[in-house]
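Have a look at the structure below before the remarks.
The values are calculated or read from the model by the stated rules, or taken from the named source; none is laboratory data. It should be emphasised that the depicted structure is a prediction, and the values quoted were computed from it without experimental measurement. All Cβ positions, even for glycine, are placed from backbone atoms using ideal geometry, and neighbour counts span all protein chains on display.
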Amino acid sequence: MEQSFRIQVGASEVVFSTGKLAKQASAAVLGQHGETSVLVAVNMTPSPREGLDFFPLLVDYEERYYAAGKIPGGFIKREGRPSETAILSARCIDRSIRSLFPDHMRNDVHVVATVMSVDQKNAPRVLAINAASMALMLSDIPWGGPVGAVRMGLVNGELVVNPTEKQMDESRLDLLVAGHGDGITMVEAGAGEVSEEIMVEALEQAHQEIRRIVALQLEAREAIGKAKIEVPPPPVIPEIDQWLESQRYGAIREAVKIHEKKSRQDAVDAVRRAAQENFAESFPNARNYIGGKVESLVERAMRTLVLEEGFRSDGRALDQVRPITCEVDVLPRVHGSALFTRGETQSLGVTTLGMVGEDDQILDGLKIDEPAKRFMLHYNFPPFSVGEVRPMRGPGRREIGHGALAERAIRNLMPTAEEFPYAVRVVSDILESNGSSSMASVCSGSLSLMAAGVPVHKACAGVAMGLIKEGDRVAVLTDIQGLEDHYGDMDFKVAGTRDGITALQMDNKAGGITRAILEQALAQARRGRMEILDVMDAAISEPRKDLSAFAPRITTIQINPEKIRDIIGPGGKIIRNIVATTGAKVDVEDSGRVLVASADEEAVSRALAMIHELVREVQVGEVFVGKVVRMVAFGAFVELLPGRDGLLHVSEIGQKRIEKPEDVFALGDPVLVLVKEIDDMGRVNVSRKKALADAEKLRQSAEYNDILALEADRDRRIEELPAAAPRRPEGSGGERSGDRDRHSSRSGGGHGSGGAGRPPRRP
């Protein structure tokens, strides 16, 4: 039986329905916000997977193009691999729910969120998190939820709960928050230099709304929820536990105190091998059990040292940033590069500049007017960065997520297309990793942009905060390393400038983060960020004024939009010729903005000259050295500019009457003409006679010497021609107008030779 649960969140109602769709799933919930609908179905395998040391949770976020009334692009007209938006949405669901499953659970759990309709007003991601939580609550899957999620905006200085997409266009803050009744568990945010105070207030207001969503889910569970399956805890082997506790815990504590990551891991591995060898005969199948037990002892030792002694494994104070070095211009020939090293984490940032309209990233998603991306930041995490060996098969969800976070941190600091007409790609290659590599990518990316001469508004830095919490004992850690990230309760990444926060990401395992902890973490993060920015400024404090010699030079000009087809030509013929002739890239926008790019400035100049010739207007009285392109009985058509010709009537060729133009010209002959008239239809009439009447004046300019000599020779040949037949009386034939009408397509009335439809703009 279908049942629905409703709640007002922000300015609109959200509805959760179950019992109608996907009834063979353990539970399925259709979430609706306005006319945006997301179906979430959850299932669990009946038995656990043997030999796993992690919980196998799989979250899929499926975007159906029919949801937006679109057909997918590509040769095969169906959904393919998930988009970046889908991957990031799946990650947000995973991060919101994962920590609330039992620690010992090894049963596969699959959460599938399918976006079924999108109204272009209400974003589906938040709805999917809430629907996933509701489905898990109603299912028989053991889970410690519920969680709720909301999106916060900052519009005209006011915080807005679940803003519409239109409101988000004007918002300085895009904050996604998930949590339960006791606190916040997941945060994802981008911002335009928002203060710490505003961020805390937004998080607090979000949590108030989350409590209401959580209460609704608890109500739904009481009404129709299934009984939860009992997942038995893993077996305990007391002999191994006692031996490790009594014989090796001291060695583990000493190992945790080792500053270097590899040496510390070697010491822990030595304890693990000793235990495995000791119990090889008595418990031959206990290798995984021993490994898990050693891990738990390392976790306890690390947390105890922090809380009781204020001791971090690398010897730092709780609020101390690791040693930092920065260097720019580390690679030759690239457009901009920087190496950022913080402790044992190292990021190489490389900036590449490209052509807007050609090198920007075209997005294929559920938005009706999906914008192209001018700025991209891509994150790579090769296995050698952590001393591992594994296949490299392209970026995974983690790489995409870290890259998106770093991109979000810098995006609002990028110049506009009008200020800097380039597509910009930053690549962060992680060469060494021991925690906080995404924040190192923010730093190296910011440095490489400045080194490349990109006029970013400010430098940006990031730092990862951590938390160790046992009851009332709390320790907030600045610039966490891998050990503290893995065994700690919080990974809280904060990026920004000296003037505010630009990106935020938090994952919490401590059961909820209070306002006091948030305020302390943000305050420590700000102090750490200032220290990092000081070191970065010492390497490069502002964007360079000049681009790399290897970077393309992009020049923009504005033309009359009606002249666009004159540049494009039929089927793109003219623009392809410009590109082929000059080697420059050319892009023409609908507004009439033309971008010309090349690393060779001469190529840019040649392309611009050709474009100017194509779009310039012919003026009455202007003198041209044209080319004969076609001849008819009553005259010759002379190309004045590319795609623009004029009629040279036989009466305007010379002082002597000419019978037919073939007596004087051959196709392709240069000829000196003056624009005599442009009629009401835009047709151009030219005169050779009038042009030669000013021959003495033209001789003052050397550029006309060759054509004047040719025309003098042509006049001598004209004089040698036999006398022409007498002219017909005025109005007796209409020879000009009749044939002119038939051949009016010679340049579209002076607007190029293309048809009614505009051809593609890129060669």
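Scanning segment 320-370 for residues that are of a type in the set (D, E, K, R) and within 24 Å of the chain's Cα centre (by Cα) yields 358, 359, 360, 364, 367, 369, 370.
Being within 22 Å of residue 495 (Cβ to Cβ) and in contact (Cβ under 8 Å) with a residue 60 or more places away in the chain is the filter; apply it to segment 172-181 and report the residue that is surrounded by the most Cβ atoms within 10 Å (Cβ to Cβ). So the residue we want is 178.
Just one residue in the set 552, 561 is over 19 Å from residue 442 (Cα atoms) and in contact with a Leu (Cβ under 9 Å, 6 or more places away or on another chain); that residue is 552.
Counting only strands (runs of 3 or more DSSP E) that sit completely within segment 461-519, those holding 3 or more residues that are closer than 25 Å to residue 265 by Cβ correspond to 461-470, 473-478, 490-497. Within segment 681-715, can you find the residues that are modelled with pLDDT of 90 or more, surrounded by fewer than 19 Cβ atoms within 10 Å (Cβ to Cβ) and small (Gly, Ala, Ser)? 709, 712, listed by residue number.
Residues in segment 407-459 that are of a type in the set (Phe, Trp, Tyr) and touching a strand residue (DSSP E or B) at 6+ places or on another chain (Cβ under 8 Å): 422 only. The residue that is farthest from the chain's Cα centre (by Cα), among those in segment 117-162 that are in a helix (DSSP H, G or I) and among the small types (Gly, Ala, Ser), is 135.
Among residues of segment 82-120 being over 20 Å from residue 66 (Cβ atoms) and among the hydroxyl-bearing types (Ser, Thr, Tyr), the one that is modelled with the highest pLDDT is 96. Selection of segment 220-244 for residues being surrounded by 14 or more Cβ atoms within 10 Å (Cβ to Cβ), under 48 Å from the mean Cα position of the chain (by Cα) and more than 19 Å from residue 48 (Cα to Cα) yields 220, 221, 224, 225.
The residues on offer are 133, 96, 139, 83, and the sole one that is of a type in the set (S, T, N, Q), surrounded by fewer than 23 Cβ atoms within 10 Å (Cβ to Cβ) and touching a strand residue (DSSP E or B) at 6+ places or on another chain (Cβ under 8 Å) is 83.
Restricting attention to segment 60-116, the residues that are assigned to a loop (DSSP other than H, G, I, E, B), of a type in the set (A, V, I, L, M, F, W, C) and in contact with a Leu (Cβ under 8 Å, 6 or more places away or on another chain) add up to 1. Of the residues making up segment 348-381, just one is modelled with pLDDT of 95 or more and assigned to a loop (DSSP other than H, G, I, E, B), namely 381.
Evaluate the following for residue 341: is it farther than 23 Å from residue 485 by Cα, out of contact with any Pro (no Cβ under 6 Å at 6 or more places or on another chain) and not in a loop (DSSP other than H, G, I, E, B)? When the stated conditions are applied, residue 341 does not pass them.
Quick check on segment 155-171: of everything there that is among the charged types (D, E, K, R) and touching a residue at least 12 places away in the same chain (Cβ under 8 Å), which residue is nearest to residue 9 (Cα to Cα)? So the residue we want is 165. Applying the criterion of being in contact with a Gly (Cβ under 9 Å, 6 or more places away or on another chain) and surrounded by fewer than 16 Cβ atoms within 10 Å (Cβ to Cβ) to the residues of segment 300-319, the residue that is farthest from residue 488 (Cα to Cα) is 317.
Condition first: touching a residue at least 12 places away in the same chain (Cβ under 8 Å), under 25 Å from residue 106 (Cβ atoms) and surrounded by fewer than 19 Cβ atoms within 10 Å (Cβ to Cβ). Can you find one or more residues in segment 58-72 that meet it? Scanning segment 58-72 turns up at least one residue that is touching a residue at least 12 places away in the same chain (Cβ under 8 Å), under 25 Å from residue 106 (Cβ atoms) and surrounded by fewer than 19 Cβ atoms within 10 Å (Cβ to Cβ).
Of all the residues in segment 487-505, those that are buried (at least 21 other Cβ atoms within 10 Å of the Cβ), small (Gly, Ala, Ser), modelled with pLDDT of 95 or more and out of contact with any Cys (no Cβ under 9 Å at 6 or more places or on another chain) number 0. Of the numbered criteria (1) surrounded by fewer than 23 Cβ atoms within 10 Å (Cβ to Cβ); (2) out of contact with any Lys or Arg (no Cβ under 7 Å at 6 or more places or on another chain); (3) of a type outside the set (S, T, N, Q); (4) on the phi < 0 side of the Ramachandran plot, the one residue 157 fails is (4). Taken over segment 182-215, residues that are surrounded by fewer than 24 Cβ atoms within 10 Å (Cβ to Cβ), among the small types (Gly, Ala, Ser) and touching a residue at least 60 places away in the same chain (Cβ under 8 Å) amount to 3.
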